[in-house]
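Asker: Questions regarding the structure given below will be posed in turn.
None of the figures in this text is laboratory data; all of them are computed from the coordinates on show. Note that the structure is predicted; figures quoted are calculated from it, not measured. Neighbour counts are summed over all protein chains in view; Cβ atoms, including those assigned to glycine, are modelled from backbone coordinates with ideal geometry.
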Amino acid sequence: MDTHIAYSFPDVAPPTHPLGQILGVRGSEARVALPAPALLEQSRATVGAFLCISAGPRRLIAMITEVESIEPSQPGARGFGAVARVDLMGEIVLDARDVASFARGVSVYPAIGDPADIIGPDELRLIYANTGEPSISIGSLHHDDTIEARVSLDNMLTKHFAILGSTGVGKSSGVSVILNEILDARPKLRIFLVDGHNEFGRCFGGRANVINAFNLKLPFWLFKFEEFVDVLYGGHASLDEELDILAEHIPIAKGMYLLHRIAQDRNSVRRVDPRRAGYTVDTPVPYVLQDLINLIDERMGKLENRATRMHYHRLLARIETLRSDARFGFMFENANVGGDTMGEILTHLFRLEPNGQPMTVMQVAGLPAEVVDAVVCVVCRLAFDFGLWSDGAMPMLFVCEEAHRFAPADKTAGFGPTRRALLRIAKEGRKYGVYLGLVTQRPAELDPTIISQCNTLFAMRMANDRDQSLLRSAVADEVANLLAFVPSLGTREVVAFGEGLPLPARLTFKALPADRVPRSETFEHSDFDAGQGQERAFVKLVVERWRAASGGPRSITDEPTAAEIEAPLRMNPVPGFDRAEAQTGPTHDRPEPDVSSRALPTSAFSRIEQIRAQMLRRGRTSNA
Ligand SMILES: Nc1ncnc2c1ncn2[C@@H]1O[C@H](COP(=O)(O)OP(=O)(O)O)[C@@H](O)[C@H]1O
Ligand SMILES: [Mg+2]
């Protein structure tokens with residue numbers, strides 16, 4: 001598509017009756033004399049309106065920031081009734097072939113007496129619709145709804161964006177508009193959406209893989225120490241004595257896992273001391289939870305001091321409780337099946353082999369509330385680290401709804417590591433091809449450093465004063481004038497500004513077809529009106545969610561489980577992940593058989609126990 005329109009000056013020569021005239025210029029600010037009453041709605045010269053000033057062969061675009069009436073009888077008023085202060089924001093330039101385009105900033109200044117007029121549709125189209133860069137169309141201009149509003153993809157993505165506004169004003173729908181457009185324009189960009197209310201499952205046609213509480217698989221060993229601890233203590237304060245025990249034994253359990261692998265490889269002659277395998281608590285390599293439990297248990301058995309033993313005892317009880325809690329199945333069930341599955345998990349989470357689905361919608365609403373922060377932290381960190389270690393080879397957009405919850409301004413609230421993970425993407429993500437899109441209904445409660453890194457902002461209706469003043473403080477003065485509209489914007493209406501747009505704009509997001517509007521899909525009431533037996537499936541789903549949220553078993557009858565009802569959403573094995581793993585996994589190249597004690601035949605189990613005992617003995621002697 002040719003993004004330039006032929007635009008030669010004779011066609012849009014300054015009107016014969018210009019609205020106003022330049023009275024004075026100071027830096028990038030000018031004063032324009034205007035007639036007092038404006039007759040037509042489109043030509044009302046109000047604050048926030050754009051003027052087009054003919055400065056010799058150039059057309060300068062300016063925004064009105066202040067209007068004041070003057071006495072027509074005043075000397076120099078020459079029949080004008082008002083004076084407007086304007087900011088010069090950009091200019092329309094012609095290239096060698098007389099093709100016009102808009103550029104930010106001005107290279108010349110207007111002179112006294114230059115004619116000024118309300119901007120016309122041709123100029124608006126040139127600025128907002130024919131940006132000349134790869135862009136997506138997100139809606140239409142408020143000034144003139146026949147003109148598309150386009151945002152520059154590269155600027156919006158690489159410098160992060162945020163959508164801000166009260167509940168119900170159309171933020172989530174805006175996300176659907178933007179992401180659907182990006183999916184069309186950039187089919188290779190991976191998109192990861194954290195869906196706090198499980199409402200995006202159907203918004204992207206078949207292009208998104210939906211991960212939910214039933215099919216999420218995030219083995220405990222992928223959690224960093226602080227993340228694991230957060231889950232272990234349900235977000236409450238942890239006990240230092242117990243943390244010390246954990247921190248001491250997790251690296252050994254990791255070393256033991258390495259040993260299992262070496263033991264399985266008959267050709268290997270290497271012998272490794274699990275204590276000296278070089279792993280830290282945070283090295284993302286697998287270990288077997290039972291190993292950790294055994295190690296702690298064994299140590300406990302050697303302790304004399306009753307109080308110290310108590311810490312071991314409590315810690316073990318905590319781990320056991322967590323492991324047997326069905327709600328945490330996503331971390332512990334089959335966590336060691338397939339061996340080192342890190343590559344497989346990354347491939348699946350981040351659609352590294354998209355198979356027509358370059359996007360992941362991660363629905364967190366069904367997860368136990370106290371782990372949501374840790375889970376979001378893990379995926380956010382993995383997204384960044386994958387970008388880092390792959391040198392940004394596979395660019396990814398990480399979109400997070402309810403961002404104030406994960407990165408609250410109040411440093412004592414929320415889970416610190418999640419804030420840091422988001423902050424890391426916000427600050428450094430662009431270097432590694434990891435981009436951020438944030439959505440929040442409480443901008444004032446979102447970490448200000450993170451907001452300040454979002455260089456394209458979509459401000460929707462906001463009633464709260466704190467939110468509005470935060471927004472105003474974040475922007476240049478001329479934009480602050482546009483923000484005056486924010487409390488009165490309608491649904492779908494946005495004041496958009498920043499790097500992604502040539503100039504700030506008041507626009508309306510596209511109307512989405514019904515099937516792309518985000519809505520909670522767990523209970524689609526209409527589905528249950530007609531069908532026989534559907535009601536039972538519905539009730540079953542309700543009971544199951546209820547139990548899952550309160551820690552009961554997922555299903556105790558032989559009726560189909562909700563997981564089966566949602567079968568198409570289930571995680572499929574990812575074939576041929578070896579390649580991806582070879583790049584990301586530590587030192588091994590082949591998936592391994594299950595080494596968890598539960599799944600092993602007794603003979604193999606006792607063999608491993610022998611090796612473990614040997615290893616522990618050796619570890620102890622070498623430590624002594
Ligand atoms: N772009 C849009 N296209 C169609 N309907 C919309 C659009 N924006 C908002 N709506 C309507 O407004 C309702 C609320 O929008 P939503 O995006 O859920 O708001 P928010 O996320 O800000 O709470 C939607 O359910 C839908 O009916
Ligand atoms: Mg929403």
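Asker: Express in nm, to one decimal, how much length is gained between R306 and T46 on full extension, taking 0.36 nm for each residue of separation and deducting their alpha carbon distance.
Answerer: Contour length minus the Cα-Cα distance gives 85.8 nm.
Asker: What are the equivalent ellipsoid semi-axes of region 449-499, built from the alpha-carbon gyration tensor (square roots of five times its eigenvalues), in whole angstrom, biggest first? List each step's numbers first, then the result.
Answerer: Values: eigenvalues 53, 29, 24 Å².
Semi-axes (√(5λ), whole Å): 16, 12, 11.
Asker: In addition: What order do you get for S488, S135, S152 when you list them from fewest to most C-beta neighbours inside 10 Å?
Answerer: S488, S152, S135
Asker: Another question, then. To make sure I understand the rule: partners must be lysines, Cα under 19 Å from the Cα of K159, and not fewer than 8 residues away in the same chain. Which ones qualify?
Answerer: Candidates past the 8-residue exclusion: K188, K427, K431.
Asker: Where Lys and Arg each count +1 and Asp and Glu each count -1, what net charge lies around C380 among other residues with Cβ under 11 Å from its Cβ?
Answerer: +1
Asker: Kindly put T347, T491 in sequence by how many other C-beta atoms sit within 10 Å of each C-beta, fewest to most.
Answerer: T491, T347
Asker: Determine, from the Cβ-Cβ distance of K427 and A247 and an R0 of 22 Å, the FRET efficiency 1/(1 + (r/R0)^6), rounded to the nearest 0.05.
Answerer: Working from the Cβ atoms, E equals 0.20.
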